[in-house]
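Structure, as structure tokens:
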Amino acid sequence: MQSADVGDPSKANKAVKKSVKKERRKEKISNKGDSSKSQQQQSVQQFDGAVAPKSKAELRAERRAKQEAERAAKTLKKEEQAKSNKAKGPQVSANLQVDDPKVQKKAAKKLEKQQVPQRTEGHKKVTLFSHLHQYERSVSITKDIGFGSTGIHPAIIKLGLQYAEGIITGSNARCAALMNAVCQLIADYETPPQKELARHLESKLKPAISFLNQCRPLSVSMGSAIKYMKIKITKIPSDMSDDKAKQELISDLQAFVHVNITLAKQAISNSACSKISDGDVVMIYGSSSLIIHVLNAAFKTGRNFRVVVVDGRPKLSGIRALRHLCRAGIKCSYVLISAVSYIMPEVTKVFLGAHGLLSNGYVMGSVGTSLVSMAAKARGVPVIVCCEAYKFCERVQTDSFVNNEIGDPRDLLATDGSSSGPLIKEDAYKNLDSLKVLHLTYDVTPPQYMAMVVTELGMLPCTSVPVVLRVRSFDT
Amino acid sequence: MDQFILDLKQEKFNGSYDLAYKVINHLRKLISQTRWAHAKELMGVIRKEGKQLVAAQPSEYVIGNMVRRVLKIVREEYVRLLGKSEEFANTESLHKMLTSAETEDEKYMKSLKELKTTVMEAVSEYIDEMDASIHNIAAQAIEHIHSNEVILTIGKSRTVEAFLKQAAKKRKFHVIVVEGAPLYHGHELAASLAAHNIETTIITDSAVFAMMSRVNKVIIGTHSVLANGGLKAVSGAHIVAQAAYQHAVPLIVLGAMFKLCLLHYSDIGGSEATFNRLASPHRVLDYYKAGSQDLCNVQVYCPTFDYVPPELVTLFISNIGGNAPSYMYRLLSEMYHPNDHEL
């Protein structure tokens, strides 16, 4: 949806510019005609002895009237364009139409204009997901980037690399890092003369966001943050000085992170703690910063419980969660997701984190979340999802195919170090044409498997997402 | 004999078919080498040896199956040689109990010269039947797989491999193989299928629910089939079965008849646990990571088997044809004699 937003006004602008150019050309021709006529008139009048400067003023008045008529026509045209664009409806992002060559050509052109390098697709693609990008981590995307003044800010390049290499993972961490980098970009930003801060800053942000999108597709949390950023930038009053505007912007963005991530974390911990009682066996899946915080907070209040950490390949992010929990002194067990049925008879509650909540009540989480929820529901174990309100999005999705992130397939294969073992080696994978490897990142869980969602606005059923979105849109 | 028991304890076998073959050959040697006078003595000898074998490796039900099958063969051959029909050996009618010519003690005690040879022949026949079981199952493949299907399987089962390869000779379909952590046998199966030009995709265990909406059939092999029609299958099979059930995808289980056992599911833990075998936790969390100061108090589990209840299974395909799980208990009476249930 982000690139759709970026696409619309630029398209409208182009169309308006074209029509204005045409009008100007017509006017020039007519002006030429007029000027020749007026010259004739002048010559005639001079010949006649009538007043020459008066006709000049008349001409000026005529030109002014024409310009005003032109401006009125321009605004009318803009409104019409906006109306016609609204009638087209929401546009589907080019990231979901990789199998359409026209759409991909347009996207490539846009990236070139913004001077953002484009990633090359992987060699072997899984046909079920041919509508999504399937990259391989072969060559660094930043190999050919220069550090010129018209290029992308170095903080953004660093952030992009951290995303691409998996150094920064987790939706909260990615969002906070993004806000940090954008604050740096704003701090170093200088408005060029003759340009307005609001409009030019936005045009600086667009290539930055495209670059980050190329490094790793934007998460729901990042999308929410970017929307907030854009709204704040457009609301800058034109009479404010640049320095003051930049300061206000930076403090607004930092407040966004503080309110939506830090404070929300504490609010959610307080309410979710009440759901953990003594003697509980809590199951978690993978690593979610919010869930770890909730468990730590519950442990500090003196409750006696133990945790089962379920993990999934190839990310194996559960080990990170394990370290955090063990450091706090919580008793932990660790299993892989294939052993979920083995361990489920001991479990009393399941706590899951979410990547995003969709408008139809489905929860988008790391791949395997749906499996754990289903297994828990089948045994009557309640599943509690903890999610901050800024991760709610207007998208709707019913399965995990239409929109997903396909990771590097070679993560599933044998690493170069281990020579033995049943995992397929990379050369074997390359030689076998019929063999494909699928590395999914997210999956979508239907709301019937989940008991409730804990947000900073309270404990809600999954189906309340559109209500919360409406409330939040009235606030901003 | 001791060497064989040692091999069993050290798990020096390669899958249930291999183990069944070894056990039944061992029993055949036993029959030919020991001295026995009549059928009852022979059954006593087999039973004694069988108890030792089962005690050596209690989680492998195939051993008990083979012992009981041989006992059933002995009973059948004895009865046939006596001239009576085979049904006679099985039925326990009230009339028979009251008016039987032999009492319980005298049963099976007539010494017959041809018993040894006939028993050896019958056992060899049974071994041949076991050999051919994979081919018999694979021959039914074309009835169950239509073209352009997407089939999901987990882990590596020789039966499933043969089944899919046979179907691929005539039909074009797509196979999704679930890795099967932590043993990752799915990779081996996928490589083997891809080498046969079958379109294969490997997915992780976590992606099963996500992919299930696009799957037409789930075909898995199993380690054993329990008496109620449930399965003792590879770890991860239960969540695959549940996901298939949620998406209304049929679950087809392939297994030869020697995998059918008399036991029911029991989740007794501790030292008496025979259902599940916990493998080394190194496969789940390797020693390098777990040895660090942070993680030294973590309990790591690596179960090898999963119990799949019979409600989740749609069809069993064995070498004698297709059956519903609710019928499996009847097939038990054809394979094993009720007096042999307790060894």
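The values are calculated or read from the model by the stated rules, or taken from the named source; none is laboratory data. Model, not experiment: these values are computed from the prediction. Heads up, the Cβs are rebuilt from the backbone with ideal geometry, glycines too, and the neighbour counts pull from every protein chain shown.
What residue, of B:Tyr61, B:Tyr17, is in contact with a Cys (Cβ under 9 Å, 6 or more places away or on another chain) and crowded, with 19+ Cβ neighbours inside 10 Å? Spell out the reasoning first.
On the way: B:Tyr17 fails: in contact with a Cys (Cβ under 9 Å, 6 or more places away or on another chain).
Selected residue: B:Tyr61, the only one of B:Tyr61, B:Tyr17 that is in contact with a Cys (Cβ under 9 Å, 6 or more places away or on another chain) and crowded, with 19+ Cβ neighbours inside 10 Å.
Of B:Ala168, B:Ala181, which residue is within 13 Å of another protein chain (Cβ to nearest Cβ) and out of contact with any Asp or Glu (no Cβ under 7 Å at 6 or more places or on another chain)?
Numbers: B:Ala181 fails: out of contact with any Asp or Glu (no Cβ under 7 Å at 6 or more places or on another chain).
None of the other options fit; the residue is B:Ala168.
Of these, A:Val310, A:Val257, which one is aliphatic (A, V, I, L, M), assigned to a strand (DSSP E or B) and in contact (Cβ under 8 Å) with a residue 40 or more places away in the chain? Working first, answer last.
Working: A:Val257 fails: assigned to a strand (DSSP E or B).
Going through A:Val310, A:Val257 in turn, just one is aliphatic (A, V, I, L, M), assigned to a strand (DSSP E or B) and in contact (Cβ under 8 Å) with a residue 40 or more places away in the chain: A:Val310.
Quick check on segment B:282-303. Is at least one of its residues closer than 22 Å to A:Ala375 by Cα, under 16 Å from the mean Cα position of the chain (by Cα) and not hydrophobic (A, V, I, L, M, F, W, C)? Break it down into steps so the answer makes sense when it comes.
Going through segment B:282-303, the residues closer than 22 Å to A:Ala375 by Cα turn out to be B:284, B:299-303.
The next check asks that each one be under 16 Å from the mean Cα position of the chain (by Cα); those that pass are none.
No: segment B:282-303 contains no residue that is closer than 22 Å to A:Ala375 by Cα, under 16 Å from the mean Cα position of the chain (by Cα) and not hydrophobic (A, V, I, L, M, F, W, C).
Could you tell me which numbered condition B:Ala248 fails, if it satisfies all but one of (1) within 22 Å of the chain's Cα centre (by Cα); (2) away from every other protein chain (no Cβ under 13 Å); (3) within 30 Å of A:Thr398 (Cα to Cα)?
Among (1) within 22 Å of the chain's Cα centre (by Cα); (2) away from every other protein chain (no Cβ under 13 Å); (3) within 30 Å of A:Thr398 (Cα to Cα), B:Ala248 violates only (1).
I need every pair where a residue in segment A:334-357 that is touching a residue at least 24 places away in the same chain (Cβ under 8 Å) and facing chain B (nearest Cβ under 7 Å) has its Cβ under 8 Å from the Cβ of a residue that is crowded, with 24+ Cβ neighbours inside 10 Å and of a type in the set (Asp, Glu), sequence separation at least 6 or different chains.
Final answer for the pair search is A:Tyr334/A:Asp311; A:Val335/A:Asp311; A:Leu336/A:Asp311; A:Leu336/B:Asp205; A:Ile337/A:Asp311; A:Ile337/B:Asp205; A:Ser341/B:Asp306.
Which of the residues spanning segment B:184-208 are within 7 Å of chain A (Cβ to nearest Cβ) and in a helix (DSSP H, G or I)? Break it down into steps so the answer makes sense when it comes.
Kept after step one, since they are within 7 Å of chain A (Cβ to nearest Cβ), are these residues of segment B:184-208: B:184-185, B:187-188, B:190-191, B:194-195, B:197-208.
Matches in segment B:184-208: B:His185, B:His187, B:Glu188, B:Ala190, B:Ala191, B:Ala194, B:Ala195, B:Asp205, B:Ser206, B:Ala207, B:Val208.
Looking at (1) in contact (Cβ under 8 Å) with a residue 40 or more places away in the chain; (2) surrounded by 24 or more Cβ atoms within 10 Å (Cβ to Cβ); (3) closer than 30 Å to B:His185 by Cβ, which one does A:Cys387 not meet, given that it meets all the others?
Answer for A:Cys387: the failing condition is (3).
Of the numbered conditions (1) touching a Ser or Thr at 6+ places or on another chain (Cβ under 6 Å); (2) more than 30 Å from B:Val67 (Cα to Cα); (3) assigned to a helix (DSSP H, G or I); (4) in contact (Cβ under 8 Å) with a residue 12 or more places away in the chain, B:Ile142 satisfies every one except a single condition; which is it?
B:Ile142 satisfies all of (1) touching a Ser or Thr at 6+ places or on another chain (Cβ under 6 Å); (2) more than 30 Å from B:Val67 (Cα to Cα); (3) assigned to a helix (DSSP H, G or I); (4) in contact (Cβ under 8 Å) with a residue 12 or more places away in the chain except (1).
Pull up segment B:209-245, narrow it to residues that are part of a loop (DSSP other than H, G, I, E, B) and more than 14 Å from every other protein chain (Cβ to nearest Cβ), then point me to the one that is surrounded by the fewest Cβ atoms within 10 Å (Cβ to Cβ). Steps first, answer last, please.
Start the filter on segment B:209-245 by keeping residues that are part of a loop (DSSP other than H, G, I, E, B), which leaves B:213-216, B:222-223, B:226-230, B:235-236.
Subsequent filtering for residues that are more than 14 Å from every other protein chain (Cβ to nearest Cβ) retains B:222-223, B:226-229.
Working: B:Thr222: 26, B:His223: 22, B:Leu226: 26, B:Ala227: 16, B:Asn228: 14, B:Gly229: 22.
Result: B:Asn228.
State whether one or more residues within segment A:282-297 are in a helix (DSSP H, G or I), farther than 20 Å from A:Ile343 by Cβ and among the small types (Gly, Ala, Ser). Talk me through it step by step, then tell me what you get.
Taking segment A:282-297 first, the residues in a helix (DSSP H, G or I) are A:289-297.
When the remaining residues are screened for being farther than 20 Å from A:Ile343 by Cβ, the result is A:289-290, A:293-294, A:296-297.
Now restrict to residues that are among the small types (Gly, Ala, Ser): A:289, A:297.
Yes, segment A:282-297 contains a residue that is in a helix (DSSP H, G or I), farther than 20 Å from A:Ile343 by Cβ and among the small types (Gly, Ala, Ser).
From the residues in segment B:277-298 that are closer than 13 Å to A:Tyr334 by Cβ and more than 9 Å from every other protein chain (Cβ to nearest Cβ), which one is modelled with the highest pLDDT? First the steps, then the outcome.
Filtering segment B:277-298 down to residues closer than 13 Å to A:Tyr334 by Cβ leaves B:281-286, B:289-290, B:294-298.
Now restrict to residues that are more than 9 Å from every other protein chain (Cβ to nearest Cβ): B:282, B:286.
Details: B:His282: 86, B:Asp286: 82.
Restricting to residues being closer than 13 Å to A:Tyr334 by Cβ and more than 9 Å from every other protein chain (Cβ to nearest Cβ), the top hit is B:His282.
Residue check, A:Arg303 against (1) more than 20 Å from A:Gly458 (Cβ to Cβ); (2) part of a helix (DSSP H, G or I), all met but one. Which one?
Among (1) more than 20 Å from A:Gly458 (Cβ to Cβ); (2) part of a helix (DSSP H, G or I), A:Arg303 violates only (2).
Conditions first: (1) part of a loop (DSSP other than H, G, I, E, B); (2) within 25 Å of A:Leu128 (Cα to Cα). B:Phe163 passes all but one, so which condition is the exception?
(1)
Mind checking which residues of segment A:358-373 are within 14 Å of chain B (Cβ to nearest Cβ) and over 18 Å from the mean Cα position of the chain (by Cα)?
A:Tyr362, A:Val367, A:Gly368, A:Thr369, A:Ser370, A:Leu371, A:Val372, A:Ser373
List the number of the failed condition for A:Pro345; all other conditions in (1) out of contact with any helix residue (DSSP H, G or I) (no Cβ under 9 Å at 6 or more places or on another chain); (2) in a loop (DSSP other than H, G, I, E, B) hold.
Status for A:Pro345: all satisfied but (2).
Would you confirm whether or not segment B:194-214 contains a residue that is of a type in the set (D, E, K, R) and either modelled with pLDDT of 95 or more or under 30 Å from A:Tyr362 (Cα atoms) (or both)? Spell out the reasoning first.
Just the residues of segment B:194-214 that are of a type in the set (D, E, K, R), to begin with: B:199, B:205, B:214.
If we keep only those that are either modelled with pLDDT of 95 or more or under 30 Å from A:Tyr362 (Cα atoms) (or both) as well, we get B:205, B:214.
Yes, that holds for at least one residue.
State which residue is nearest to B:Gly180 (Cα to Cα) when the search covers only segment A:280-307 and only residues that are touching a residue at least 60 places away in the same chain (Cβ under 8 Å) and surrounded by fewer than 22 Cβ atoms within 10 Å (Cβ to Cβ). Give the derivation first.
If we filter segment A:280-307 for residues that are touching a residue at least 60 places away in the same chain (Cβ under 8 Å), which is where we start, we get A:280-291, A:294.
Going one step further and asking which of them are surrounded by fewer than 22 Cβ atoms within 10 Å (Cβ to Cβ), we end up with A:280-281, A:289.
On the way: A:Asp280: 29, A:Val281: 26, A:Ser289: 28 Å.
Among residues in segment A:280-307 that are touching a residue at least 60 places away in the same chain (Cβ under 8 Å) and surrounded by fewer than 22 Cβ atoms within 10 Å (Cβ to Cβ), the one nearest to B:Gly180 (Cα to Cα) is A:Val281.
State the number of residues belonging to segment B:71-90 that are in contact with a His (Cβ under 8 Å, 6 or more places away or on another chain), more than 14 Å from B:Lys110 (Cβ to Cβ) and at pLDDT below 55. Talk me through it step by step, then tell me what you get.
Just the residues of segment B:71-90 that are in contact with a His (Cβ under 8 Å, 6 or more places away or on another chain), to begin with: B:71-72, B:75, B:89-90.
Subset that is more than 14 Å from B:Lys110 (Cβ to Cβ): B:71-72, B:90.
Within this subset, residues satisfying the condition of being at pLDDT below 55 are B:90.
Qualifying residue count, segment B:71-90: 1.
Here is a list: A:Ile152, A:Ile156. Which entry is assigned to a loop (DSSP other than H, G, I, E, B) and either in contact (Cβ under 8 Å) with a residue 12 or more places away in the chain or not acidic (Asp, Glu) (or both)? Give the derivation first.
Numbers: A:Ile156 fails: assigned to a loop (DSSP other than H, G, I, E, B).
Criteria check complete, one pass: A:Ile152.
Take the residues in segment B:299-343 that are surrounded by 15 or more Cβ atoms within 10 Å (Cβ to Cβ) and among the acidic types (Asp, Glu); name whichever of them is farthest from B:Val62 (Cα to Cα).
B:Asp306
Yes or no: B:Leu251 of a type in the set (A, V, I, L, M) and surrounded by fewer than 22 Cβ atoms within 10 Å (Cβ to Cβ)?
No.
Within segment B:298-338, can you find the residues that are part of a helix (DSSP H, G or I) and aliphatic (A, V, I, L, M)? Please lay out each step first, then the result.
Looking only at segment B:298-338, we keep the residues that are part of a helix (DSSP H, G or I), and these are B:310-312, B:325-335, B:338.
Those that are part of a helix (DSSP H, G or I) and aliphatic (A, V, I, L, M): B:Leu312, B:Met328, B:Leu331, B:Leu332, B:Met335.
A:Leu218 versus (1) assigned to a loop (DSSP other than H, G, I, E, B); (2) under 30 Å from A:Arg137 (Cβ atoms); (3) modelled with pLDDT under 90; (4) not basic (Lys, Arg): which is the lone unmet condition?
(3)
Here is a list of conditions, (1) surrounded by fewer than 20 Cβ atoms within 10 Å (Cβ to Cβ); (2) in contact with a helix residue (DSSP H, G or I) (Cβ under 6 Å, 6 or more places away or on another chain), and B:Phe173 meets all of them except one; can you say which number that is?
For B:Phe173, the failing item is (2).
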